[in-house]
Amino acid sequence: MSTPAEEVVAIGEATLKDRILNRLTRLLQDQWKLLVLGIPYAWLLLFFLAPFFFVLKISLAETTIASPPYTPLVEWVDEGIMHVRVVIDNYAYLWEDDLYVNTYLNSLVISVTSTILCLLLGYPIAYAIVRSSHTVKHILLLLIILPFWTSFLLRVYAWMGLLADQGTINDLLIALGIIDEPIRMLYTTFAVYVGIVYTYVPFMILPLYANMEKLDWELLEAAADLGAKPMTTFFTITLPATSPGILAGSLLVFIPATGEYVIPDLLGGGNVLMIGRVLYNEFNANIDWPVASAVAIALLLLLVLPMMLYQHIQAKETENP
Amino acid sequence: MNQKRSIFLLSTLAFGIAFLYIPMVLLIFYSFNKSKIVPIWGGFSTKWYVELFKSPEVWDALTLSLKIATVNACFATILGTLAGLALVRFGRFRGRTLFSGMISAPLVMPEVITGLSLLLLFIWLQSAIGWPSERGFSTITIAHITFSMAYVAVIIQSRLAGMAQDLEEAAQDLGAKPLRVLTDITLPLLAPGMLAGWLLSFTLSLDDLIIASFVTGPGATTLPILIYSRIRLGLRPDINALATIIILVVAIGVLVAGYIMLRQQKQRALDMQMTAEETP
């Protein structure tokens, strides 16, 4: 048997042990949170954010015949004397050369037009899906999502076969006697529009669908009951209520379409100028890293506002779904 | 509903579905064409499939792409799940805005920019610390993880936001530590989302052409890089055969996965209903 004094000591030890144990588990819990956050954070800082500084740095350098083919920004001239060379010639070059300015504007025209086309096609489709019965809805959604999972490259390739001079569409039109000579479609701006709308229309349909699902359909019926014409109901109720979906879908089409490379390259050939293709060629064919980097920064400046807007919507969406 | 309007809606829907699927159907159709010129029908043949599998280049590229896709999917699922958890369950923390920005930016960042910037980083790292000594498998995998984890994080975020916290709160009330709640309650509930993220990462990686062609080195040719180098010069019947195989494998995979998930959902709904009925 232990004496009362020993018992007190034992209790004291127990509480001390508990306290240390508590402190340790709390520390572990804090550490655990730090680990959950820290690992993906560090990864993104290193492999997503840091690379942009290299693009910025090289866009301010000069091209030389060396490996790597650009001049260093910071040179140590003498002991401890740092010499910083910043060259903005690459940006001046982009600005003065009509080719780049035209490419820039042309990319914008193509991506804005494609976004509008996607909206015109995607809106009624999303609407039709929302209004269909439960089972049909699921099948239709699966049909819209399925192309996402198959190769984008091969889907663009499929259009080469459809649009070629001796392709399916021309053959069909000639066989039907509608035209005598094949219409040139492949390697034109038209083909690029078809490719972009084809690739990106699911990105328009899905956010619109998600938005329309939450719509108060009784409100629409009430408007109709009170005698509003379908057009009036559409423009005063449906359209404003679905504007978040329209915005999200439009950004999801506009941003990647502006920097698109594969579609203008395969379907537009050399005839359609787009900024993503110019960047790729400057880097891989002309081996002009500083100009390619400057093009990348220019493209990024064009897209930074739409991207921030998208991020804002995205954050709001996850906070109050 | 107005009849004129429903006709308009249905015809747009039919046009949209046809627009999405006719190109793929034709691609499959012409893969069985005997003629070397793709759109001119010369009779049924499976010779392009035989030719395709005789090519060692195709096998090498397929093996490399599958390896990258598998490693990428595993890492991206882990990193993306951690990121999604942090964003939804950690409330406000320092650097949150930057973090959520870095998570959603890769989803919309033009691939030419991501590819160029990562290549420049790899080149600098090589001169600074000697790693990566050569570009190929490792650099492509790292690049793919970086954008795939963003997709996984978005999936996990939406699952977590839509998930009732009852079970987690109950476990906490019964004295479970937060870490225990995470491993015993939250993660099992998130498993379907993680599976969806894994599959999406896998296909995103198999599909990527631009980023891979920037960060790859000599000797490492992925399947999209091989396909692209062949179709740049025009239509090729062997590529139609390859496309047919890829489309069919993916379609079957997605349908099976969708079916399993639907059944699980129904089972869970049934379980919930039964529990609710038994509880007085």
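The residue that is farthest from the other protein chains (Cβ to nearest Cβ), counting only those in the range B:36-57 that are closer than 29 Å to B:SER148 by Cβ and either in contact with a helix residue (DSSP H, G or I) (Cβ under 6 Å, 6 or more places away or on another chain) or of a type in the set (Asp, Glu) (or both), is B:GLU57.
If you go through the range B:149-167 one residue at a time, do you hit one that is hydroxyl-bearing (Ser, Thr, Tyr), modelled with pLDDT of 90 or more and in a helix (DSSP H, G or I)?
To start, the set of residues in the range B:149-167 that are hydroxyl-bearing (Ser, Thr, Tyr) comprises B:151, B:158.
So of that shortlist, the ones also modelled with pLDDT of 90 or more come out as B:151.
Keeping just the survivors that are in a helix (DSSP H, G or I) gives B:151.
Within the range B:149-167, one or more residues are hydroxyl-bearing (Ser, Thr, Tyr), modelled with pLDDT of 90 or more and in a helix (DSSP H, G or I).
Residues of the range A:223-252 that are part of a helix (DSSP H, G or I) and either aromatic (Phe, Trp, Tyr) or out of contact with any helix residue (DSSP H, G or I) (no Cβ under 9 Å at 6 or more places or on another chain) (or both): A:ASP225, A:MET231, A:PHE234, A:PHE235, A:PRO240. The residue list A:TYR157, A:TYR198 contains one member that is buried (at least 19 other Cβ atoms within 10 Å of the Cβ), under 29 Å from A:TYR310 (Cα atoms) and at the interface with chain B (Cβ under 10 Å from one of its Cβ atoms), which is A:TYR198. Does A:TYR91 count as closer than 27 Å to A:SER293 by Cα and either at pLDDT below 85 or of a type in the set (D, E, K, R) (or both)? Yes.
Checking B:LEU62 against (1) within 22 Å of A:TYR157 (Cα to Cα); (2) modelled with pLDDT of 90 or more; (3) within 11 Å of chain A (Cβ to nearest Cβ): exactly one of these is not met. Which one? With (1) within 22 Å of A:TYR157 (Cα to Cα); (2) modelled with pLDDT of 90 or more; (3) within 11 Å of chain A (Cβ to nearest Cβ) applied to B:LEU62, the lone miss is (3).
Rundown of residues vs (1) surrounded by 22 or more Cβ atoms within 10 Å (Cβ to Cβ); (2) within 9 Å of chain A (Cβ to nearest Cβ); (3) over 16 Å from the mean Cα position of the chain (by Cα), yes/no style:
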residue	(1), (2), (3)
B:ILE210	yes, yes, no
B:VAL215	yes, no, yes
B:LEU226	no, no, yes
B:ILE231	no, yes, yes
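So is B:ASP238 under 30 Å from B:VAL38 (Cα atoms), away from chain A (no Cβ under 11 Å) and among the acidic types (Asp, Glu) or not? For B:ASP238, the condition - under 30 Å from B:VAL38 (Cα atoms), away from chain A (no Cβ under 11 Å) and among the acidic types (Asp, Glu) - is met. Number of residues in the range B:48-71 that are out of contact with any Ser or Thr (no Cβ under 7 Å at 6 or more places or on another chain), over 29 Å from B:HIS144 (Cα atoms) and surrounded by 14 or more Cβ atoms within 10 Å (Cβ to Cβ): the value is 1.
Within the range B:134-145, is even one residue part of a helix (DSSP H, G or I) and of a type in the set (Asp, Glu)? The answer is no, given that none of the residues of the range B:134-145 is part of a helix (DSSP H, G or I) and of a type in the set (Asp, Glu). For the range A:105-153, the candidate set comprises residues that are touching a Leu at 6+ places or on another chain (Cβ under 9 Å) and among the polar types (S, T, N, Q); within that set, the residue that is nearest to the other protein chains (Cβ to nearest Cβ) is A:SER151.
What do you reckon, is B:SER104 of a type in the set (S, T, N, Q), buried (at least 18 other Cβ atoms within 10 Å of the Cβ), farther than 30 Å from B:LEU179 by Cα and within 25 Å of the chain's Cα centre (by Cα)?
Answer is no for this residue.
The number of residues in the range A:253-265 that are part of a helix (DSSP H, G or I) and either within 7 Å of chain B (Cβ to nearest Cβ) or of a type outside the set (A, V, I, L, M) (or both) comes to 7.
Considering only residues of the range B:1-32 that are hydrophobic (A, V, I, L, M, F, W, C) and assigned to a loop (DSSP other than H, G, I, E, B), which is nearest to the other protein chains (Cβ to nearest Cβ)? Explain how you work it out, then say what you get.
We begin by selecting, within the range B:1-32, every residue hydrophobic (A, V, I, L, M, F, W, C); these are B:1, B:7-10, B:13-15, B:17-20, B:22, B:24-29, B:32.
Now restrict to residues that are assigned to a loop (DSSP other than H, G, I, E, B): B:1, B:32.
On the way: B:MET1: 7, B:PHE32: 14 Å.
Checked the range B:1-32; the qualifying residue nearest to the other protein chains (Cβ to nearest Cβ) is B:MET1.
Per the conditions (1) more than 13 Å from every other protein chain (Cβ to nearest Cβ); (2) surrounded by fewer than 20 Cβ atoms within 10 Å (Cβ to Cβ); (3) outside any helix (DSSP H, G or I), the sole criterion not satisfied by B:ALA171 is (3). On the stretch given as the range B:128-152, residues that are facing chain A (nearest Cβ under 8 Å) and either among the small types (Gly, Ala, Ser) or surrounded by fewer than 19 Cβ atoms within 10 Å (Cβ to Cβ) (or both) total 1.
Residues in the range A:266-297 that are part of a loop (DSSP other than H, G, I, E, B) and either at the interface with chain B (Cβ under 8 Å from one of its Cβ atoms) or within 17 Å of the chain's Cα centre (by Cα) (or both): A:MET274 alone.
The values are calculated or read from the model by the stated rules, or taken from the named source; none is laboratory data. This structure is a prediction, so every number in the text was calculated from the model and none was measured. Cβ atoms come from the backbone with ideal geometry, glycine included; neighbour counts cover every protein chain shown.
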